[in-house]
Amino acid sequence: GQTRRTHQKKKTYFCAMPFKRYVEIGRVALVKCGPLEGQLVVIVDVINMSKMLVDQPSKNFKRQVVHLRDTRVTDYKVEIGRMPDKSTLAGAAEDADYANLFASSAWGQKLAKRKAKAAMTDFQRYQKMASKGGKKK
């Protein structure tokens, strides 16, 4: 027997950039673990492929080296140059208003709900359960 060959059309794929959130100077990131957990920071310098120097506009925050695996990069960006001073960073952060934008996003709202739920007492959890009607029969 002969084998029958079927010819298939080659599939064409739409070429688009797969990433939208690049690790770059001015990008806002959320720290997911460590002493800065849950804080939004701004990348002010990229040290190597896995570490970056981050800062916040607040005066009492000291610049720190953070590992890339400990952060989640957001969609928000602050227009700054490399290694800006605190006043430049504070002015650019105020113009970008990234903290309010993040808080109003679905991601920020989810984190706020999670934080509020973790802060609830037993009685508050009971009240919430009771207001929902308890178990359905």
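Worth a mention:
- Positive contributions from Lys and Arg (+1) and negative ones from Asp and Glu (-1), summed over other residues with Cβ under 15 Å from the Cβ of PHE19, come out at +3.
- Furthest towards positive pole of dipole, PRO35, ALA116, VAL46, structure part the stretch 34-137, Cβ charges: ALA116
- Entry for the stretch 16-137 at q = 0.11, 0.18, 0.21 Å⁻¹: log10 I(q)/I(0) = -0.47, -0.94, -1.20, Debye formula applied to identical alpha-carbon scatterers, no solvent contribution.
- Surface analysis of the chain yields an accessible area of 81 Å² per residue, using protein heavy atoms and a 1.4 Å probe.
- Measuring between alpha carbons in the structure, the pairs from LYS51/LYS117; LYS20/LYS128; LYS51/LYS86; LYS77/LYS113 lying more than 30 angstrom apart are LYS51/LYS117; LYS20/LYS128.
- Extended-chain gain in nm, criterion 0.36 nm per residue less alpha-carbon gap, THR88 and VAL23: 21.4 nm
- Accessible carbon and sulfur surface of the chain relative to its total accessible area, %, 1.4 Å: 54
- LYS51 long-range amide H proximity, modeled H, under 5 Å: LEU68
- Gained length - ARG72 relative to ALA118, 0.36 nm times residue gap less alpha-carbon distance: 14.4 nm
- Centre separation in Å (Cα based) which lies between the stretch 81-112 and the stretch 19-71: 12
The values are calculated or read from the model by the stated rules, or taken from the named source; none is laboratory data. These figures come from a predicted structure and were not determined experimentally. No Cβ is skipped: glycine too gets one built from the backbone with ideal geometry, and neighbour counts run over all protein chains shown. Side chains are part of the model used for accessible areas, which takes the heavy atoms of the whole protein and leaves out ligands, DNA and RNA. Shrake-Rupley method; radii C 1.70, N 1.55, O 1.52, S 1.80 Å.
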